[in-house]
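I have placed the structure first, in the form of structure tokens, so that the comments after it can refer back to it.
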Amino acid sequence: MSITGIFDVKAYGATGNGTTDDSAAVQRTIQAAMASNSGGKIIYFPEGRYRIESYLTINHPALVWTGNNATLTTNAASRYLTIQSGLEISNLILDKYYLYLPSTHKNSGKMFIRGNMFKNSPAQAIISDAGAEMMPSNIEISSNSFDNCCYAVYGSYSNSIIADNTIQNSINRNIEIASGSNNLITGNRISSGVTGICFLLNRKSTQGIGLDNNVISNNRISNISEEAISLDIHGNNSGSSGSVVKGTVSSVTVGNSQIRIVPSFRLDNPSNGYKNLYVVFLSGKTKGQALKIDSMGPDGKSYLQLVGGNAKDIAVGDRIVLQVGVVGTIISNNTISNAQTGIDLYGVAMETVVSGNHIDTCKPDGIRVSSLYGVLDGSYGMVFNNTITSNILKDANINVGIITFGPPIDVYASGNQVISNTLINGNLLYSYQDEVLVSDNVVAGSGVTSIANCSTSLPVPSQKYLSQQRFLKGKAGTEDSVYVCVQTANGTYQWKALK
């Protein structure tokens, strides 16, 4: 029934006439291919329209689904193929029919989803999920087209590539990643939808796994109603999606050459849902630092062992919050136009580099760095050590740390830098209360530079602030003051008033 490992679904009873349910015939083809000893396991769909009304599963690392002008469809609201393992899904038209990769998905090597057309999917055209320590890995989703889908690609991935896809007429979001690390998203063309490429971190649904060391580069994104590219928290009123819980430090010790703190709270079932956590300090000498948790003690509750930091700077009573982060993202050389926000580092971003992007007509902001989301949804944002550099913006603002609405912020953002960007008819807005380093930017045309939310006190002068300016909010009826950090003749540092 097969030639050199090619299993033709029509040979197993499929009609491809668009009216007959071909589910049973396709299932027989899958079983024959998986039972075969042939080197190839290619399930082939000749030209036709195949109704599939049952949920099917493939589970073999060498199995290929491919076709020639063949459409897989359903009369149901939607149906999907579960891929426990496989080699390739290619050259098919999937109409209301989508692909599902569970957290238990495993391959001996890379799996390819390429050259397909997905259309009219009321849900996600390609969806994956994550377990406590598992998610699909080594997936390449490339050179596909998506038309009129609710989402194009959604879920959790690691060591994967999403490249050179064309996405249009999206009903909701386009590419949305909930957790994962070491992914490359490049060369995609996205021309509509709510968001373009979104890292929407959801601690609850992904067992606390964060998003580390991902690259978003050389994509073209236009006509987006919200953010073209965003690093975000999936919010809810309990705050469990972004941050876990807040409290204070009850005690500090040093064990195994690492700092151990005992928090004022206890975590329920920590080994089953709190991975990749950071302790963010909201007060004290360590205010503004985010230290990763190495372990939680033998019972997961007795202490939090931290990576880095200085035990001498941590004191009993310091306020802390536990936070999952989006760490080490590179967003480079993308072309963005006609979005509400071009690039948004919103509530969870750490050590992000945003460079070489071209952003045109994004109102109000071309690039925004803010922890506001955490304030609004009951969780806690953190935006630390992000670098915005060498971007070109036209009719779009750069906005770092400006909070224009919402309750008083209880989050500390520090170490953010805005360097050597060019803004044409756009404003550079920033707040020194968040310790933003701003230098060598060009603001041309009708744009202005504006500083809001000035601090009421200056930080302790040190080499860290040398030559930097700080704006100090004046008392009622007086102007704000500007200070610069200088080094004195005896080698100490001090703030010198400029006005």
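The values are calculated or read from the model by the stated rules, or taken from the named source; none is laboratory data. Only a predicted model underlies this, so the values are computations on that prediction, with no experimental measurement involved. Note that each Cβ is placed from the backbone with ideal geometry, even for glycine, and that neighbours are counted across all protein chains shown.
Per-structure values
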| quantity | calculated |
| --- | --- |
| So residue 242, is it under 30 Å from residue 130 (Cα atoms), modelled with pLDDT under 55 and crowded, with 19+ Cβ neighbours inside 10 Å | yes |
| Positions within segment 165-180 being surrounded by 24 or more Cβ atoms within 10 Å (Cβ to Cβ) and more than 18 Å from the chain's Cα centre (by Cα), in sequence order | 165, 167, 170 |
| Residue in segment 309-321 that is within 30 Å of residue 365 (Cα to Cα), touching a residue at least 40 places away in the same chain (Cβ under 8 Å) and not basic (Lys, Arg) present | yes |
| Residue tally, condition within 18 Å of residue 393 (Cα to Cα) and either modelled with pLDDT under 95 or surrounded by 19 or more Cβ atoms within 10 Å (Cβ to Cβ) (or both), over segment 217-236 | 8 |
| Qualifying residue in segment 112-132 (condition: touching a Pro at 6+ places or on another chain (Cβ under 6 Å), closer than 23 Å to residue 31 by Cα and assigned by TED's automatic domain parsing to the domain that holds residue 162) | no |
| Residue under evaluation residue 171, criteria (1) at pLDDT below 95; (2) not in a loop (DSSP other than H, G, I, E, B), criterion not met | (2) |
| All positions within segment 124-168 that are part of a strand (DSSP E or B), more than 14 Å from residue 183 (Cβ to Cβ) and not hydrophobic (A, V, I, L, M, F, W, C) | 124, 145, 147, 151, 166, 168 |
| Candidate set from segment 1-26 (those that are assigned to a helix (DSSP H, G or I) and not hydrophobic (A, V, I, L, M, F, W, C)); member that is nearest to residue 78 (Cα to Cα) | 23 |
| Residue pairs meeting the criteria (Cβ under 8 Å; at least 6 apart or on separate chains; first part of a helix (DSSP H, G or I), in segment 27-41; second modelled with pLDDT of 90 or more and basic (Lys, Arg)) | 33/41; 34/41 |
